[in-house]
Amino acid sequence: MKEIDWSSLSFGYMPTDYNVRINYRDGKWGELEVSDSEQINMHIAATCLHYGQETFEGLKAFRGRDGKIRIFRMEENAKRMQSSCAGILMAQLPIERFTEAVLKVVQLNKHFVPPYESGASLYIRPLLIGMSAQVGVSPSKEYLFLIFVTPVGPYFKTGFKPTPYAIMRQYDRVAPLGTGRFKVGGNYAASLVAGEKAHSLGYSAVVYLDAKEKKYIDESGPANFFAIRGNSYITPKSDSILPSVTNKSLMTLAKDLGMTVECRSIEVDELSTFEEAGACGTAAVISPMERIDDVDTDKSYVFGKKGEAGPVCVKLYNKLRAIQYGDEPDIYHWVTIVE
Ligand SMILES: Cc1ncc(COP(=O)(O)O)c(C=O)c1O
């Protein structure tokens with residue numbers, strides 16, 4: 001195996017040794033198969049290709065100071081994948097089949113889990129796709145579930161340094177009663193134009209507003225939104241955002257730090273009252289926001305001191321990472337140790 005420079009990893013794809021697969025045929029899920037091929041063979045009329053019948057997940061494994069590998073909250077991703085499958089009429093994989101597959105693929109690729117000191121992790125990417133040939137728009141009868149893994153560094157190059165985000169009112173990512181709460185590829189395809197435009201203007205990502213009224217904060221392209229005011233952790237309640245496992249965890253940590261958690265609609269104007277704001281997710285962890293520019297109205301909302309993550313973001317980030325890497329006891333039973 002080629003030497004990997006763990007500390008300079010970005011959030012990209014690097015081949016690993018094995019992936020795992022389970023096929024759904026004749027109304028049932030088959031055996032777990034191990035593959036060393038990075039390719040899949042599929043019909044040219046597969047429903048995933050034409051009608052977007054696909055869902056994916058993202059979770060991570062971390063190597064602790066003690067050398068042990070810990071996987072963070074994999075049952076939550078299993079449940080969310082089931083919910084996404086229900087959302088676009090695909091066969092649902094039982095939770096225990098999902099977790100068995102995650103454990104297997106991590107075990108098989110153990111030496112790709114970055115060392116503790118690097119601050120990097122192993123990204124785990126489950127995927128479930130419609131495989132049977134269909135020309136009319138209707139759900140597939142056959143599915144493929146697979147998981148590959150790849151070592152990753154920070155999602156945003158700047159890591160934990162606050163960066164600017166943009167509201168771009170000319171673009172919506174999802175519809176009010178659409179698929180925003182499911183992790184399906186179409187949502188991400190719909191975010192590419194606005195995302196690239198934001199990048200070209202120097203922003204880390206887009207902060208989307210609710211598509212119906214353009215009045216409330218929904219979420220960022222690849223992550224949920226949260227803000228801090230006084231002793232409150234405030235995060236949007238919306239049917240068109242992805243229920244983030246990281247956000248759910250941060251809400252628990254915030255409560256245990258004695259904070260009030262408010263999960264409710266957040267009007268854009270309220271941004272001016274927040275002391276800190278951030279994007280949170282498996283990939284983003286916590287990415288503090290320096291400011292949000294409402295590019296079409298020329299309004300700008302600035303959070304905290306320039307160049308510095310706010311104190312609550314720092315506290316929550318450290319607490320979450322400490323649990324993930326095993327530096328603090330796992331009192332919430334969020335972590336599965338890979339034997
Ligand atoms: C649109 C979107 N929102 C939020 C998140 C964060 O979710 P999680 O914390 O479960 O990774 C992600 C990443 O998975 C995402 O793609």
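Using a Gaussian network model of the chain with C-alpha springs under 10 Å, which one of 195, 178, 310 is most mobile by mean-square fluctuation?
In the Gaussian network model the winner is 178.
With bins 5 Å wide starting at 0, give me the P(r) of region 163-325 over every alpha carbon pair, in whole percents.
That works out to 2, 9, 20, 24, 22, 14, 8, 2, 0, in percent per bin.
Roughly how many nanometres apart are two label points built 7 Å out from the Cα toward the Cβ at residue 40 and residue 96?
2.5
What's the extension gain from residue 300 to residue 158 if we count 0.36 nm per residue and subtract their Cα-Cα distance?
On the way: separation 142, 0.36 × 142 = 51.12 nm, distance 2.09 nm.
Answer, rounded to one decimal: 49.0 nm.
Quick one: dipole size for the chain, taken about the Cα centre, charges +1 on Lys/Arg Cβ and -1 on Asp/Glu Cβ, in debye to the nearest 20. Could you put the intermediate results ahead of the total?
Values: 39 positive and 41 negative charges, 37 e Å.
The dipole magnitude comes to about 180 debye.
Counting only heavy atoms of protein chains, what accessible area per residue, in Å², does the chain have with a probe of 1.4 Å?
Working: 15390 Å² over 339 residues.
Roughly 45 Å² per residue, with all protein chains present.
If you build a Gaussian network model of the chain, linking Cα atoms that sit under 10 Å apart, which residue out of 36, 294, 239 swings the most?
36
Compute, for residue 6, the solvent-accessible surface of its heavy atoms (probe 1.4 Å) with the complete set of protein chains present, and express it in square angstrom to the nearest 10.
About 50 Å², rounded to the nearest 10.
In a shell of Cβ-Cβ distance under 11 Å around residue 238, excluding residue 238 itself, what net charge do Lys and Arg (+1) and Asp and Glu (-1) give?
On the way: positive: 181, 212, 237, 264; negative: 210, 218, 219, 239.
Net charge in that neighbourhood comes out at 0.
Roughly to the nearest percent, how much of the accessible area of region 19-152 is carbon and sulfur, given a 1.4 Å probe? Intermediate results must be reported in sequence, preceding the final value.
Working: 2930 of 5730 Å².
Looking at region 19-152 in its full context, I get 51 percent from C and S.
Given that compact globular proteins tend to follow 2.2 N^0.38 Å, what is the ratio of the alpha-carbon Rg of region 14-104 to that value?
Numbers: Rg = 14.9 Å, N = 91, 2.2 N^0.38 = 12.2 Å.
Taking the Cα Rg and dividing by 2.2 N^0.38 Å, one obtains 1.22.
Rounded to the nearest 5, what is the percent of antiparallel bridges among the DSSP beta bridges in region 19-152? Before the final figure, lay out the partial values.
Working: 30 of 30 bridges.
Just about 100 percent of them are antiparallel.
Distance between Cα centroids, region 279-315 to region 1-58: provide it in whole Å.
33
I want to verify the translational diffusion coefficient of the chain in µm²/s; compute it with Stokes-Einstein, Rh as the Kirkwood radius over Cα pairs, at 20 °C and 1.002 mPa s. Intermediate values should be presented prior to the final figure.
On the way: Rh = 20.8 Å.
Using the Kirkwood radius from Cα pairs, D works out to 103 µm²/s.
Can you tell me the dipole magnitude for region 1-120 around its Cα centre, using point charges on the Cβ only (Lys, Arg +1; Asp, Glu -1), in Debye to the nearest 20?
On the way: 15 positive and 16 negative charges, 67 e Å.
The calculation lands at about 320 debye.
Would region 80-187 count as rounded, prolate or oblate if I go by the C-alpha gyration tensor, calling it rounded below 1.5 in a/c and otherwise prolate when a/b exceeds b/c, oblate otherwise?
Details: a/c = 2.73, a/b = 1.16, b/c = 2.36.
Oblate.
Would you tally the net charge around residue 28, using a Cβ to Cβ cut-off of less than 12 Å, leaving residue 28 out, and scoring K and R as +1, D and E as -1?
Working: positive: 25, 97, 141; negative: 26, 31, 142.
Cβ neighbours under 12 Å give a net charge of 0.
Name the most mobile residue of 251, 42, 289, meaning the one with the largest mean-square fluctuation, in a Gaussian network model of the chain with Cα contacts below 10 Å.
For the chain, modelled as a Gaussian network with Cα springs under 10 Å, the answer is 42.
Within the accessible area of region 163-325, what % is carbon and sulfur when the probe is 1.4 Å and the other protein chains stay in place? Before the final figure, lay out each step's value.
On the way: 3470 of 6620 Å².
The C+S portion of the solvent-accessible surface of region 163-325 is 52 percent.
Modelled label-to-label distance, residue 262 and residue 308, 7 Å Cα→beta-carbon offset: nm?
So the two model labels end up 2.5 nm from each other.
The values are calculated or read from the model by the stated rules, or taken from the named source; none is laboratory data. These figures come from a predicted structure and were not determined experimentally. For neighbour counting, all protein chains shown are included, and Cβ atoms are generated from backbone atoms with ideal geometry for every residue, glycine included. Only protein heavy atoms, including side chains, enter the accessible area calculation; ligands, DNA and RNA are left aside. Shrake-Rupley method; radii C 1.70, N 1.55, O 1.52, S 1.80 Å.
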